[in-house]
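Below: one structure, written as structure tokens.
The values are calculated or read from the model by the stated rules, or taken from the named source; none is laboratory data. Here the structure is a predicted model, which means the values were calculated and not measured. Because the Cβ atoms are built from the backbone with ideal geometry, glycine has one as well, and the counts that use them run over all protein chains shown.
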Amino acid sequence: MITKILVDSNVLIASSVFIAYVDDFGSSFKHHFFDDAMPLIEQLRKHISKRIGVVTNTIEIEVHGVFNKAVLDTLRECRPNATTKKLYEFLSIVLNRCEDRLSDILVGMMREPVLPDHKALWLPKVEQMYDELIQQARDTNVQDIAYKTAAGSSKRFQQQAYDALLEDLTNRYIQLKRLLMKSAGSTDREILAEAAYLCNLYKQYDDVKFYLASCDLAFSPTGPKYCSRIVTDEILNRFNIICHWPSEVAKELQRELK
Amino acid sequence: MTNVSELFGNTAEFIEKAEQTGEVDLGILEPLRGLSSAFEQMSAHWLELKPEERLEDIFSLYHTARNCRLVLRRMIQRFEESPRTGDNPRVADDASQVLPILIDTFSILEEAKSGPIDQSRVQGFDRTRYLRNTARMVDMVPNEAEDLAAIPIETRKKGYEAFAEYIIGAVHDNEDPC
């Protein structure tokens, strides 16, 4: 069995944003998911001969776009209060550092081509999945479920049962309910369609365990002990893709490669 | 002032001679310093936003010009040190990898100065990435630690804070895993 891990753009961004301070600030400047992302990046680099880490053009373009936009937004915000030359120079240095780190990380990954026609075969299935999940989120009322389930308990403990069930259900439905506030964006759906295409492609040649490493709740589970995973499980059922946080995928990979 | 095309031409001649003879002529430093100065002036040009120009275009052009100057800085350093380090004619081979990109980039930046800026031609950020990736492979990119240290601390502090906010917000507003 072979293992393939598609690395989402947010993982590449998180692992690329790192600037070590040596002078004034006493600590490094890094993305808040940097520590979560790096173990996976290091594992992929360590086992580079196994060709496990995969990226696509869509993912790479998104990463560059995010860096450029963040720099420009920072420029707009800081411009009125800073000397233009020094601010421009600072942001140019920051962008260079991030892009250089990204370039070094991408050296350890395979860039898999996914033609638009191939992606187009899977995108409608991804769209349908999210549409159905959003409807499910709308139709689900956790208070109702907790109330009806607690109604079966003895009267003395009904309130306690309701409270416990409500907490448990609220945690379990975090990922699903979140889709109502912030569903998977168009690029996320494209990335998932590309993942589905690649997973299907690899399966034609070998038995494959296919992961999507992501810090995005539109894919990866959340909640206590990752109990909130309705979307994650649906992705697994429909597309055979295991979605998880990069640190968890790194642990799985380490177990597999022992 | 010597025409920039002449400076590029002179540099190319020195490099070609070094590749043929296996020896570096330190006369190359003069045209290289001239080119560095040209790119410095180019960077300075893009520091001022004119009403008809977009900030993203200006910054990407500044970033490109600045990176060209960085590559030249490293090139000058390596040529200067080559008699002592024995980096000869390796430094000429390496310089020949990036020189065509610098020539091409200068002509595009020069064209952009007379406006309007056509990003499909300039491809500012993409062009810089291509230059840096090539230059890094042949050790033609300097360490920017001193440049960073020379930025006023307040500018860096506010810059890091704002950048952190935008880089996180631009991706997703994800919750930490429990």
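Of all residues in segment B:137-167 being part of a loop (DSSP other than H, G, I, E, B) and hydrophobic (A, V, I, L, M, F, W, C), which is surrounded by the most Cβ atoms within 10 Å (Cβ to Cβ)? My answer is B:Met140. In segment A:208-221, the residues that are on the phi < 0 side of the Ramachandran plot and among the polar types (S, T, N, Q) form Cβ pairs under 9 Å with partners that are surrounded by fewer than 24 Cβ atoms within 10 Å (Cβ to Cβ) and assigned to a loop (DSSP other than H, G, I, E, B), at six or more places apart or across chains, as follows: A:Ser220/A:Arg229; A:Ser220/B:Asn174; A:Ser220/B:Pro177.
On inspection, B:Phe125 does not qualify as part of a helix (DSSP H, G or I), within 30 Å of B:Glu52 (Cβ to Cβ), more than 14 Å from chain A (Cβ to nearest Cβ) and among the aromatic types (Phe, Trp, Tyr).
Looking at the structure I just gave you, is B:Thr134 surrounded by 13 or more Cβ atoms within 10 Å (Cβ to Cβ), of a type in the set (Val, Ile, Thr) and within 14 Å of chain A (Cβ to nearest Cβ)? Answer is yes for this residue. Among the residues of segment A:66-89, is there at least one that is under 18 Å from A:Ala213 (Cα atoms), more than 7 Å from chain B (Cβ to nearest Cβ) and not aliphatic (A, V, I, L, M)? No, the conditions are met nowhere in segment A:66-89.
Checking A:Glu77, A:Glu89, A:Glu62 one by one, the residue that is touching a residue at least 40 places away in the same chain (Cβ under 8 Å), within 29 Å of B:Tyr166 (Cα to Cα), assigned to a helix (DSSP H, G or I) and not aromatic (Phe, Trp, Tyr) is A:Glu62 and no other. Filtering A:Ile5, A:Ile61, A:Ile48, A:Ile13 for residues that are hydrophobic (A, V, I, L, M, F, W, C), more than 9 Å from every other protein chain (Cβ to nearest Cβ), buried (at least 22 other Cβ atoms within 10 Å of the Cβ) and on the phi < 0 side of the Ramachandran plot leaves a single hit, A:Ile5.
Checking segment B:88-96 against the condition returns no match, with no residue being within 13 Å of chain A (Cβ to nearest Cβ), touching a residue at least 24 places away in the same chain (Cβ under 8 Å), part of a helix (DSSP H, G or I) and under 23 Å from A:Glu99 (Cβ atoms). Scanning segment A:90-103 for residues that are facing chain B (nearest Cβ under 9 Å) and of a type outside the set (Val, Ile, Thr) yields A:Phe90, A:Leu91, A:Ser92, A:Leu95, A:Asn96, A:Arg97, A:Cys98, A:Glu99, A:Asp100, A:Ser103. B:Glu52 fulfils the conditions (1) within 30 Å of A:Thr74 (Cβ to Cβ); (2) part of a helix (DSSP H, G or I); (3) touching a Gly at 6+ places or on another chain (Cβ under 9 Å) except for a single criterion, (2).
Filtering segment A:87-111 to residues that are surrounded by fewer than 17 Cβ atoms within 10 Å (Cβ to Cβ) and either in contact with a Leu (Cβ under 7 Å, 6 or more places away or on another chain) or not aliphatic (A, V, I, L, M) (or both) leaves A:Ser103, A:Asp104, A:Arg111. Within segment B:152-164, residues that are within 20 Å of A:Ile13 (Cα to Cα) reach partners that are surrounded by 17 or more Cβ atoms within 10 Å (Cβ to Cβ) and at pLDDT below 85 with beta carbons closer than 7 Å, at six or more positions or on different chains, in the pairs B:Tyr160/A:Phe29. In segment A:213-241, the qualifying residues are those that are within 19 Å of A:Glu252 (Cα to Cα), aliphatic (A, V, I, L, M) and more than 14 Å from chain B (Cβ to nearest Cβ), and the one that is surrounded by the fewest Cβ atoms within 10 Å (Cβ to Cβ) is A:Leu236.
Residues in segment A:126-167 that are among the small types (Gly, Ala, Ser) and surrounded by 11 or more Cβ atoms within 10 Å (Cβ to Cβ): A:Ala137, A:Ala146, A:Ala150, A:Ala151, A:Ser153, A:Ala161, A:Ala164. A search for C-beta distances below 7 Å between a residue of segment A:29-47 that is charged (D, E, K, R) and any residue that is at pLDDT below 95, counting only pairs 6+ apart in sequence or on different chains, returns A:Lys30/A:Val17; A:Lys30/A:Phe18; A:Asp36/A:Ala14; A:Asp36/A:Cys215; A:Arg45/A:Gly108. Annotation: B:Val71 fulfils all but one of (1) buried (at least 23 other Cβ atoms within 10 Å of the Cβ); (2) at positive phi; the unmet one is (2).
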